[in-house]
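To start, the structure itself, in structure tokens.
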Amino acid sequence: MDWSDLRIFLAIAREGTLGAAARKIGQTQPTMGRRLRALEQALGQTLFQRTADGFVLTDEGTAVLRHAERIEEEALALQRHASGAETQLDGLLRLSSSDWFGTVMLAPVIAAFGKRHPRVTVELLTDARLYSLPRREADLVFRIKPFSEPEIISRKLLHIPYALYGKKGSKPPRAGDGRGVRVVTMNVEFADMPDVAWLKRALPNAEVASRSNRQAQAELCASGGGLAVLPRPLGDRDRRLVALDIGTSPPGRDTFVGYHRDLKRLARLRALLDVVIERLAGTHP
């Protein structure tokens, strides 16, 4: 049995279709189908039910999945160990962060790092998905929640204050009311964030004009789409925006950085982390 066939099996199990799995691991769809059939023939079992909605694991496939995931963990651990032993400053580093943090905070750091170490390619992933450090989906992750995984080395990087913003020329609304005020806030899946709850308390009668991520909120706010709670590094850099004092301030957030312990000896990761800490740690107390 070939480990590459198990990778294909895992991709199909996780993505649900041949097309999505093929895009995930960089194979063609016909190749994926051919390799899956070969694996099923080698095992003498049907691993998936083919349905109109995609591929669904059979009972036999579910049993194989558990074994394949354990094999994957060992293969990834070996890969991380081998990567951790590298000493030359070249190769790829994959970073994950939120949209605004990647654009405003990390982009200048990556540019400075690139001038020092031009042979290292930095890939910056900025979306809402939580990328897995153990699965090497990312090498360095920046997020607002502390890391609890025992295999992750992490630290608090900085505290970021937030403020209520409006288009330049806007007047502060009255706290505790908000009638006639339109606001831009987070997507519904992030409705439990502290600043979202603060906005509801501070302006309970405000009308939600739109919902989006931080980067889009800033643009919507600057275009007159409504007031928005933004991280100060994002809001203060836009001259079209003005911070509004309504007598109460939204809570700030801590940002944490983490990486897998197997990569602690990876020279290019340590070098990038040094630049990150040098330029960002404690910059917004």
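The values are calculated or read from the model by the stated rules, or taken from the named source; none is laboratory data. No experiment lies behind these values; they were computed from the predicted model shown. Neighbour counts run over all protein chains shown; Cβ positions are idealised from the backbone, glycine included. Surface accessibility is based on the protein's heavy atoms, side chains included, excluding ligands, DNA and RNA. Shrake-Rupley method; radii C 1.70, N 1.55, O 1.52, S 1.80 Å.
Report the charge-dipole magnitude of the range 119-174 in Debye, nearest 20, computed about the Cα centre from +1 at each Lys and Arg Cβ and -1 at each Asp and Glu Cβ.
Values: 12 positive and 6 negative charges, 114 e Å.
Roughly 540 debye, rounded to the nearest 20.
What is the calculated FRET efficiency for S154 to I71, with r their C-beta to C-beta distance and R₀ = 25 Å, to the nearest 0.05?
Taking R0 as 25 Å, the efficiency between S154 and I71 is 0.35.
Please list E40, E207 from largest to smallest accessible area, probe radius 1.4 Å, with all protein chains kept in place. Intermediate values should be presented prior to the final figure.
Numbers: E40 25, E207 100 Å².
Most to least solvent-accessible, the answer reads E207, E40.
On alpha-carbon atoms, Rg over Rh for the range 90-151 using Kirkwood Rh?
Numbers: Rg = 12.1 Å, Rh = 12.4 Å.
The Rg/Rh ratio comes out at 0.98.
With a 1.4 Å probe and every protein chain left in place, tell me how much accessible area R268 has, in Å² to the nearest 10.
Around 20 Å² of this residue is reachable by solvent.
So, taking all protein chains as they sit and a 1.4 Å probe, how much accessible area belongs to T51, in Å² rounded to tens?
60 Å²
Could you give me the radius of gyration and the Dmax of the range 187-266, taking only the C-alpha atoms into account and expressing both in angstrom?
For the range 187-266, the Cα-based Rg and Dmax read 15.8, 53 Å.
With unit charges on the beta carbon (Lys/Arg positive, Asp/Glu negative), name the residue among A75, A271, H260 whose Cα is farthest towards the positive pole of the charge dipole of the chain.
The Cα lying farthest towards the positive end belongs to A271.
Out of residues 5 or more away from N187 or on other chains, whose amide H comes under 5 Å of its own, with H placed 1.01 Å from N in the peptide plane?
S212
Roll a 1.4 Å probe over the protein heavy atoms and report the accessible area of S98 in Å², nearest 10.
Near enough 50 Å² of accessible area.
In square nanometres, what is the average projected area of the Cα convex hull of the chain?
Its average projected convex-hull area is 18.3 nm².
Is there a pair in K115/K167; K24/K115; K171/K200; K24/K156 whose C-alpha atoms are over 25 Å apart, and which pairs would that be? Working shown, then result.
Working: K115/K167 36 Å; K24/K115 31 Å; K171/K200 19 Å; K24/K156 32 Å.
Too far apart for the 25 Å limit: K115/K167; K24/K115; K24/K156.
Please go through the range 33-72 and write out the trypsin sites (Lys or Arg not before Pro) that DSSP classes as loop and that have at most 11 other C-beta atoms within 10 Å.
Numbers: sites: R34, R35, R37, R50, R66, R70; in loops: none.
Here no trypsin sites (Lys or Arg not before Pro) fit, given the DSSP loop and packing criteria.
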